[in-house]
Amino acid sequence: MNNLQQRILIIEDELSILNGISDKFTHEGFLVTKAINGQDGLDKALKEHPDFIIVDNLMPNTDGFYFLENLREDKWGKGALVIMWSNSHDSNTVSRAKKIGILDFMIKSEWEYRDLVKKVKEYLDAK
């Protein structure tokens, strides 16, 4: 699939990280939508049906789990491709996210933005 048609939603409350990831995906030819919390992300996901979603776990007000649990209740959202991107190393957090149906759980401090783009491309190519 050609990246020019692929849309990605990035849900992240830290603007420097949100803009950094967004810039990297835009540079790679993706159409990027940004959201700053789980509710904002949920609204955009259900309206725009992106090809892929990256969601931070720890955000104020509505976190990544709020987003995931509500996304999975939607007919389209049940099958949406999602990676959770977090600073949490807690095994309970990882297992909870995997039970909700994420493709991968990535620790922010262990990955460069380019690695995140590569991982997303691999999942989209396998789709």
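The values are calculated or read from the model by the stated rules, or taken from the named source; none is laboratory data. Every value quoted in this text rests on a predicted model; they were computed, and no experiment measured them. Here the Cβ positions follow ideal geometry from the backbone for every residue, glycine too, while neighbour counts run over all protein chains shown. For accessibility, only protein heavy atoms count, side chains too; no ligands or nucleic acids. Shrake-Rupley method; radii C 1.70, N 1.55, O 1.52, S 1.80 Å.
Listed values, structure above:
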quantity: Pick from the range 105-117, criterion free of Cβ contacts under 8 Å to residues at least 40 places away in the same chain and among the hydrophobic types (A, V, I, L, M, F, W, C), ranking: nearest to HIS27 (Cα to Cα); calculated: TRP111
quantity: Wholly enclosed helices (runs of 4 or more DSSP H) of the range 9-127 bearing at least 2 residues of a type in the set (Val, Ile, Thr); calculated: 15-27, 91-100, 113-126
quantity: So PHE65, is it open to solvent by less than 40 Å² (accessible area, probe 1.4 Å), within 14 Å of the chain's Cα centre (by Cα) and either more than 23 Å from ARG114 (Cα to Cα) or small (Gly, Ala, Ser) (or both); calculated: yes
quantity: Test: residue in the range 91-104 that is under 21 Å from GLU28 (Cα atoms), open to solvent by less than 10 Å² (accessible area, probe 1.4 Å) and touching a Lys or Arg at 6+ places or on another chain (Cβ under 9 Å); calculated: no
